[in-house]
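Heads up: the structure comes next, in structure tokens.
The values are calculated or read from the model by the stated rules, or taken from the named source; none is laboratory data. Nothing here was measured: the structure is a model prediction, and the numbers come from that model. Glycine also receives a Cβ, built like all others from the backbone with ideal geometry; neighbour counts cover every protein chain displayed. When the accessible area is computed, the model is the full protein with side chains, heavy atoms only, and any ligands, DNA or RNA have been set aside. Shrake-Rupley method; radii C 1.70, N 1.55, O 1.52, S 1.80 Å.
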Amino acid sequence: MKMNRKGRALFSAAACAAAVGLALTGCTNTGTSTAADTTSATEAAQTAAPVSGPTCSLADYKGEKIDLTQATVGFSQSEKEDNPFRIAETQSITDEAAKIGVKKFIKTNAQSTLSKQISDINDLISQGAQILIVAPLNSDGLEPALKAARDKNIPVITIDRKLNATACTDYVSFLGSNFVEQGKRAADQLIAGTGGTAKVAVLLGSSGNGVTTDRTSGFVDEIKAAGPNITVVAQQTGDFARDKGQSVTEQLLQSNPDITAIYAENDEMGLGAQAAIIAAGKVPGKDIQIYSIDGTKNAVEQIVAGAYNGVIESNPRFGPLAFSTIQDFMNGTAVGQDIIIQDSEYDPANAQAKVGSAF
Ligand code: GZL
């Protein structure tokens with residue numbers, strides 16, 4: 001069977017997708033050798049914006065001063081670790097605990113189940129945790145666990161997703177990104193990359209957390225403000241998962257064959273969408289552009305390969321900042337109630353040079 005160039009590109013991509021389980025990692029989609037930069041990952045440490053808002057001190061919180069090298073620290077992770085964001089986040093916390101020499105470090109994983117996160121946190125408390133680092137699954141619902149910690153004046157540092165609770169009372173501080181800004185920046189990338197004209201499908205994250213709400217509002221509001229010829233033709237959740245991102249995109253492409261761009265609220269869904277685009281006989285990054293948020297190596301490599309169009313970073317490496325915040329807090333320093341990290345971004349112009357910073 002004689003294939004034209006587009007057919008060859010699709011075939012090689014589909015074959016590659018099949019070979020590597022749709023990750024398309026290290027595969028090229030343009031038929032040219034654009035092997036991604038495989039230099040070792042430079043751990044792109046988080047940088048926080050200067051604290052401007054309210055603060056919280058040990059005295060304010062009514063906690064007791066604890067020496068981390070003599071302490072038991074518990075970490076409650078939310079989602080199952082089949083997403084590089086979660087893997088990198090847990091690794092960062094674990095590595096920093098070891099680097100600091102925490103006497104006892106215990107980590108749990110709620111497997112994306114709220115009831116399990118509540119029981120995990122209660123278990124950490126029963127095992128003697130004197131400080132808790134929590135990556136909340138949802139913005140609401142952790143109240144029973146937060147109360148259990150509060151009753152023992154155990155300080156809770158939240159990372160990653162923000163709780164609908166009271167800082168410096170229910171928890172000490174929130175460390176995380178500005179998710180509205182991430183959505184806005186993704187919209188700006190899409191507007192620039194499409195030349196201002198596109199029919200866009202939005203792959204929403206999981207419901208019940210502020211990350212999805214904010215990444216959606218930031219994106220939609222920026223499209224309204226700066227993309228008059230950009231039309232959002234569909235919004236559907238892919239639950240931050242690759243397989244669901246693929247299945248939802250397959251359906252959306254059938255019901256909206258004129259879609260020319262995808263905005264996925266995390267890279268895993270964006271990579272699932274890429275597989276669906278290939279399966280539909282179209283060329284990702286060209287026939288249908290893809291923009292997402294996180295900064296995983298799998299996605300950034302696809303930008304290098306010309307089969308993906310933009311990624312806004314959501315840096316998961318909270319270890320150093322979480323523990324430096326705890327150290328300051330224990331030394332009596334008033335720490336910010338909201339500590340907002342600054343995120344980088346990847347596009348076709350910089351992806352080759354910056355892929356080593358992806359996770
Ligand atoms: C963001 C985090 C999000 C990631 C997704 O801080 O909560 O959850 O962007 C993950 O990859 O599912």
Whichever residue in the range 286-298 is closer than 21 Å to T197 by Cβ and open to solvent by less than 10 Å² (accessible area, probe 1.4 Å) and, among such residues, is nearest to the ligand (Cβ to nearest atom): S292
Residues in the range 148-171 that are in contact (Cβ under 8 Å) with a residue 12 or more places away in the chain and in a helix (DSSP H, G or I): how many? 3
So which pairs qualify, if the first residue must be in the range 233-244 and of a type in the set (S, T, Y), the second must be not in a strand (DSSP E or B), the Cβ gap must be under 8 Å, and the two must be at least 6 apart or on different chains? T237/G205; T237/S206; T237/S207; T237/T212; T237/K244; T237/V248
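Give the range 73-87 a look and list any residue that's of a type outside the set (D, E) and open to solvent by 20 Å² or more (accessible area, probe 1.4 Å), or say none.
Of the range 73-87, the ones of a type outside the set (D, E) are 73-78, 80, 83-87.
Result: K80, P84, I87.
Quick check on my filter: what residues within the range 302-325 are out of contact with any helix residue (DSSP H, G or I) (no Cβ under 7 Å at 6 or more places or on another chain) and within 16 Å of the ligand (Cβ to nearest atom)? Break it down stepwise before answering.
Going through the range 302-325, the residues out of contact with any helix residue (DSSP H, G or I) (no Cβ under 7 Å at 6 or more places or on another chain) turn out to be 305-306, 313, 315, 321, 324-325.
Result: E313, N315, L321.
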Can R150 be described as under 14 Å from D60 (Cβ atoms) and among the basic types (K, R)? yes
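Within the group T197, T166, which residue is away from the ligand (no atom under 13 Å from the Cβ), hydroxyl-bearing (S, T, Y), surrounded by fewer than 18 Cβ atoms within 10 Å (Cβ to Cβ) and farther than 13 Å from I230 by Cβ? Can you show your working first?
Numbers: T197 fails: farther than 13 Å from I230 by Cβ.
Just a single option satisfies the conditions, and that option is T166.
Can you work out which of the residues in the range 252-285 that are hydroxyl-bearing (S, T, Y) and more than 20 Å from the chain's Cα centre (by Cα) is farthest from G196 (Cα to Cα)?
Of the residues in the range 252-285, the ones hydroxyl-bearing (S, T, Y) are 255, 260, 263.
Keeping just the survivors that are more than 20 Å from the chain's Cα centre (by Cα) gives 255, 260.
Details: S255: 23, T260: 12 Å.
Filtering first and then ranking leaves S255.
Please verify whether A226 is over 18 Å from T296 (Cβ atoms) and buried (at least 22 other Cβ atoms within 10 Å of the Cβ), treating the condition exactly as stated. Before you say what the answer is, go through the steps one by one.
Working: over 18 Å from T296 (Cβ atoms): yes; buried (at least 22 other Cβ atoms within 10 Å of the Cβ): no.
Judged against the criteria, A226 is not a match.
Taking into account only those residues within the range 112-143 that are assigned to a loop (DSSP other than H, G, I, E, B) and not small (G, A, S), which is farthest from the chain's Cα centre (by Cα)? Full working, then the answer.
Of the range 112-143, the ones assigned to a loop (DSSP other than H, G, I, E, B) are 112-113, 127-130, 135-142.
Still in the running and not small (G, A, S): 113, 127, 130, 136-138, 140, 142.
Values: T113: 18, Q127: 29, Q130: 28, P136: 13, L137: 12, N138: 14, D140: 19, L142: 20 Å.
For the range 112-143, the residue satisfying everything is Q127.
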For the range 110-128: of the residues being more than 15 Å from L142 (Cβ to Cβ) and in contact (Cβ under 8 Å) with a residue 24 or more places away in the chain, which is surrounded by the most Cβ atoms within 10 Å (Cβ to Cβ)? Q111
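Filter the range 271-296 for residues that are closer than 24 Å to Q46 by Cβ and touching a helix residue (DSSP H, G or I) at 6+ places or on another chain (Cβ under 6 Å) and give the result.
Step one: filter the range 271-296 for residues closer than 24 Å to Q46 by Cβ, giving 271, 291-296.
Correct list: L271, Y291, S292, I293, D294, T296.
To keep it simple, each residue is scored yes or no on (1) among the hydrophobic types (A, V, I, L, M, F, W, C); (2) within 16 Å of the ligand (Cβ to nearest atom); (3) at positive phi.
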residue: D267; (1), (2), (3): no, yes, no
residue: G281; (1), (2), (3): no, no, yes
residue: V300; (1), (2), (3): yes, yes, no
residue: M330; (1), (2), (3): yes, no, no
residue: V335; (1), (2), (3): yes, no, no
residue: A353; (1), (2), (3): yes, no, no
From G336, G285, G332, which residue is among the small types (G, A, S) and not assigned by TED's automatic domain parsing to the domain that holds K162? G285
Taking N83 as the residue in question, decide whether it is more than 17 Å from V73 (Cβ to Cβ), in contact with an Asp or Glu (Cβ under 8 Å, 6 or more places away or on another chain) and outside the structural domain of G205 (by TED's automatic domain parsing). yes
Contact list please: Cβ distance under 6 Å, first residue in the range 190-219 and assigned by TED's automatic domain parsing to the domain that holds F85, second residue of a type in the set (G, A, S), pairs at least six apart or on different chains. none
Within the group T72, T113, T108, T90, which residue is within 30 Å of K297 (Cα to Cα), of a type in the set (S, T, Y) and either at pLDDT below 95 or away from the ligand (no atom under 16 Å from the Cβ) (or both)? T108
